[in-house]
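The values are calculated or read from the model by the stated rules, or taken from the named source; none is laboratory data. On a predicted model such as this, the values are computed, not experimentally measured, just so you know. Every residue, glycine among them, receives a Cβ derived from its backbone with ideal geometry; neighbour counts consider all protein chains shown.
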Amino acid sequence: MLSINPRCDAAGTQQSNQFGLANSHLLKMVSELNNTSTTHQRVNHTHETSQAATHLLALRAGIETDSMRIAFFTTLVLVFGLNSLLPALEQQPPNIVFILADDLGYGDIGCYGSAVNRTPHLDRLAAGGMRFTDFHSNGPMCSPTRAAFLTGLYQSRFGRRFESALSGSRRDPGLPLSAVTIAEVLQQAGYFTGMFGKWHLGYEAPWLPTNQGFAEFRGLVSGDGDHHTQIDRSGNQDWWNGESVAMQKGYTAELITQHSIDFIERHKDERFFLYVPHLAIHFPWQGPNDPPHRKRGISYHKDKWGVIPDRSNVLPHVTAMIESLDRSVGSIVATLDRLGLSKNTLVVFTSDNGGYLDYAGGFENISDMGQLRGEKGTIYEGGHRVPAIFSWPETIKPSVCHQTAMTFDLFPTLAALAGTNANAAMLDGSDLSETLFDGANLPERSLFWRMGSSKAVRKGSWKLCVQAKRPPELYNLATDVGERKNLADRRPEVLSNLKTALAEWELDVEH
Ligand SMILES: [Ca+2]
């Protein structure tokens, strides 16, 4: 049995050596498996792989250095790769379309209570599928949720800078290439993969989507670009084709939609995974009929919001963006219908974090989080409880789901639907497929958020919020979804349990 001591150099060296052996063992098995022709042999290999995976899990707690972490994640994809060869799928794997809105608040669309924004296409998608009421983004900002979606892991495992938006001005390195992404897993399972929209997990080569499992990529790499001129806030041209800047004229949401439709048409006879991370409704707040703002070579770090004549009422611009987003969803779904693909395609829609209520500089009346407290960037519900719709006609029954789920659950869910028999124990997320198909309850678990000194943990209906210079806050979301009544003094045993869970989680994800 290994002695796990993250602060002991000697133990760390020993673990590194053992880890390296496990990794090379798996590599060898992959090589052998590729030459294996019978199911019987594959099953034996898979059993052996499972044992190796268990060994790796035991080692995970001891991962200390970047090279060890990279080795671990590299090994993870090999395990997935092996399992993807398993036969006997109960169901034909579906095409997968994942549409991710940017900064869309919980109450910003009709089926989540908006009386202002008209979203008939999203409302129809929700009415025909499963609509979650308690779905959460992994982070209250852009990059964290994207990292967690792609890897099925808490973004904190890749370092604390992934707990907030990656900075464009510093040109930070992006998501490590060694990270195993759902796009890579689906590629190995035979899917053709494409991404059209916002990346925000690296600003230049090699940290681009084409090196993380996406065969095709058109879109922006930064956190925000002008929706008409595609200039990022540092004044750079930011519209790419693969690994090169290739500017196009048009409104960003419409360009993303056109490329998505073209992708579906070109790959309609293959199994495909289409990732559509829209830029809407992130600032600059510009609807299709609002003016362009940014020009190349000018810094917009102090003027990044667009042309807003009445700062006290940003909503008309945001409404136009939400409705362009809704039209995009309608066009993509209509394309699936027209090509006869709808009954074999899972469409998932959610947001990467909550919306803004207001913004420094006098910008007000932006998004609507309904009765939730907080907004983007906070660890209150308004920061991370988001709309989430799963549609797969005749397979997922029209329903409303009150289970608590999170963005990183998509990785094991999609991997399972693709027939990869994903080893969920290797991931932080949980497979939602039984919930989607049968309404089954998810296993009890604790979920965590962390951004800087702000942290939260959720277990059942209880939520603990810990923030700098404030006493701990304990809420019972079953009776107080608006997080108004702090019960920390009244329920010390719950407070203590959640504090312990949070401390253990922080130890687990620390490097
Ligand atoms: Ca965002």
Tabulated pairs, the stretch 128-140, first hydroxyl-bearing (Ser, Thr, Tyr), second surrounded by fewer than 24 Cβ atoms within 10 Å (Cβ to Cβ), C-beta under 6 angstrom, 6+ apart or interchain = THR133/HIS402
query = Can you tell me which of VAL347, VAL333, VAL314 is farther than 17 Å from ILE389 by Cα and either surrounded by 15 or more Cβ atoms within 10 Å (Cβ to Cβ) or within 16 Å of the ligand (Cβ to nearest atom) (or both)?
reply = VAL314
query = Which condition breaks for ASN353 when tested against (1) in a helix (DSSP H, G or I); (2) closer than 30 Å to ARG311 by Cα?
reply = (1)
ask   = Regarding THR36, is this residue surrounded by fewer than 20 Cβ atoms within 10 Å (Cβ to Cβ), over 23 Å from LEU507 (Cα atoms), among the hydroxyl-bearing types (Ser, Thr, Tyr) and modelled with pLDDT under 95?
value = yes
task = Assess whether THR378 counts as being buried (at least 20 other Cβ atoms within 10 Å of the Cβ), at pLDDT 95 or above and β-branched (Val, Ile, Thr).
result = yes
query = When residues of the stretch 465-482 are filtered for being farther than 20 Å from GLN403 by Cβ and either in contact with a helix residue (DSSP H, G or I) (Cβ under 6 Å, 6 or more places away or on another chain) or exposed (fewer than 15 other Cβ atoms within 10 Å of the Cβ) (or both), how many remain?
reply = 5
message = So, ARG146, is that one crowded, with 19+ Cβ neighbours inside 10 Å, within 13 Å of the ligand (Cβ to nearest atom), at pLDDT 95 or above and not aliphatic (A, V, I, L, M) or not?
response = yes
inquiry  = Restricting to the stretch 208-252, name every residue that is buried (at least 24 other Cβ atoms within 10 Å of the Cβ), more than 18 Å from LEU150 (Cβ to Cβ) and small (Gly, Ala, Ser).
reply    = GLY225
ask   = Does PRO387 satisfy the criteria of being within 16 Å of the ligand (Cβ to nearest atom), within 18 Å of the chain's Cα centre (by Cα) and surrounded by 20 or more Cβ atoms within 10 Å (Cβ to Cβ)?
value = yes
Looking only at the stretch 360-402, and only at residues there that are touching a Phe, Trp or Tyr at 6+ places or on another chain (Cβ under 7 Å) and part of a strand (DSSP E or B), the one that is farthest from LYS302 (Cα to Cα) = CYS401
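Here is a yes/no grid of residues against (1) away from the ligand (no atom under 15 Å from the Cβ); (2) modelled with pLDDT of 95 or more:
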{"position": "ARG131", "(1), (2)": "yes, yes"}
{"position": "ASP134", "(1), (2)": "yes, yes"}
{"position": "GLY168", "(1), (2)": "no, no"}
{"position": "LYS198", "(1), (2)": "no, yes"}
{"position": "GLN212", "(1), (2)": "yes, yes"}
{"position": "ARG218", "(1), (2)": "yes, yes"}
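Let's see how each residue does on (1) in a loop (DSSP other than H, G, I, E, B); (2) modelled with pLDDT of 95 or more; (3) more than 22 Å from GLY197 (Cα to Cα):
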{"site": "PHE72", "(1), (2), (3)": "no, no, yes"}
{"site": "PRO93", "(1), (2), (3)": "yes, yes, yes"}
{"site": "ILE96", "(1), (2), (3)": "no, yes, no"}
{"site": "ASP103", "(1), (2), (3)": "yes, yes, no"}
{"site": "TYR106", "(1), (2), (3)": "yes, yes, no"}
{"site": "ALA115", "(1), (2), (3)": "yes, yes, yes"}
{"site": "ASP123", "(1), (2), (3)": "no, yes, yes"}
ask   = Does at least one position in the stretch 184-194 carry a residue that is touching a helix residue (DSSP H, G or I) at 6+ places or on another chain (Cβ under 7 Å), surrounded by fewer than 24 Cβ atoms within 10 Å (Cβ to Cβ) and within 18 Å of GLN155 (Cβ to Cβ)?
value = yes
